[in-house]
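These notes are about the structure you will find just below.
Taken together, the values in this text are just the output of simple stated rules run on the coordinates, not laboratory data. Since the structure is predicted, the reported quantities are computational estimates derived from the model, not experimental observations. No Cβ is skipped: glycine too gets one built from the backbone with ideal geometry, and neighbour counts run over all protein chains shown.
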Amino acid sequence: MNNPTIYKTIKVDGVNIFYREAGPKNAPIILLLHGLPSSSRMFEPLLSRLSDQYHLIAPDYPGFGHSDWPSPKEFSYTFDNIAKLMNHFVDALAISKYTLYMADYGSPVGFRMVLEHPERVESLIVQDGVAHNEGLGANWKKRREFWENRKDNEEALRKNLLSFETTRTRHVGDDPNSDRYDPDLWTDEFAFLNQPGQIEIQSDLFFDYRTNVTSYPKWQEWMQKNQPRLLVIWGKHDLSFDLGEPERYRKDVPTAEVYVLDAGHFALDTKADEIAELIDGFMKKQK
């Protein structure tokens, strides 16, 4: 590979933000936003496959991966705050234009970034990320109860969202070919979730997820009005969200390219080659 991945840290608003970077500096930029409970590591398969033609940048949010994990007493773990910090991360790297790849938590972070700086976004790639209330699946019942009454539902939420079983299910879903998945993926993520302070960080951030639901109409309105170039990639074995969500994006943006793959919630686990090809074809159409 001519453009190996490099690993950097930059201080943004007093927080050390770790990021992975690969590809020529003068190539089209793809900014990659990760999900829960992963980090920029989830994009390693794309960094190795696309870095000869594109400049890829994948940060870890505060509280995730190799970025700082400030205490919730020092840093407010909300999606508004993380999106603000990610926009300042873009400022710090002097990035003026990019394609935004949003996976899972990357969608609520990314759509906030889009609405704050729409002039920066050349196109959008959504991978298993929700922008419609109907897109939240049946297993969100306990999670909605947590939003309504945090005190009485915190323990149940932690079991539902942060358990080893749930961490594994995020990857495998209902895929009958479970032997295609590297167990290191969820074992490492579960170990991350059990580090000191993580339960508090992730509980605070997930409590704020309710603000995403109330923001969905704004994101839909922006897509309907602006008709962005949009690629939607989905894993059909994803049990985290409703399988009808990809087509809801197409209703907002009729020209969207929508692909449902034989994959789980983290579709790059098993379909990295196919996803890289889809992204490459999508990017080349905008040149």
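Quick look at the values:
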quantity	calculated
Span from the the stretch 55-112 Cα centroid across to the the stretch 229-287 one, whole angstrom	22
Most positive-pole-ward Cα, TYR249, THR211, PHE192, against dipole of the stretch 154-287 from beta carbon charges	TYR249
Hydrodynamic radius (Kirkwood) for the stretch 25-83, which is based on Cα pairs only, to one decimal in Å	12.7
Net length gained if the chain between ARG250 and THR187 were fully extended (0.36 nm per residue, minus Cα distance)	19.2 nm
Proximal charge balance of GLY235 [Cβ under 9 Å; K/R count +1, D/E count -1]	-3
By average C-beta atoms within 10 angstrom, highest first, the peptides 40-52, 228-240, 195-207	228-240, 40-52, 195-207
The stretch 181-287: C-alpha gyration tensor shape, a/c 1.5 cut-off, then a/b vs b/c	oblate
Segment ASN226-ILE6, length gained on full extension (0.36 nm per residue, minus Cα span)	75.7 nm
Sites GLU148 and SER76 - FRET efficiency at Förster radius 22 Å, r taken between beta-carbons, to 0.05	0.60
Prolate/oblate/rounded label for the stretch 119-234 (Cα gyration tensor, a/c 1.5)	oblate
Highest-MSF residue in the chain out of HIS66, HIS117, HIS132 [GNM, Cα springs under 10 Å]	HIS117
Cα gyration tensor shape for the stretch 220-278, rounded if a/c is under 1.5, else prolate or oblate	oblate
Potential lengthening between LYS218 and GLU155 on full extension [0.36 nm per residue; Cα-Cα distance subtracted]	19.5 nm
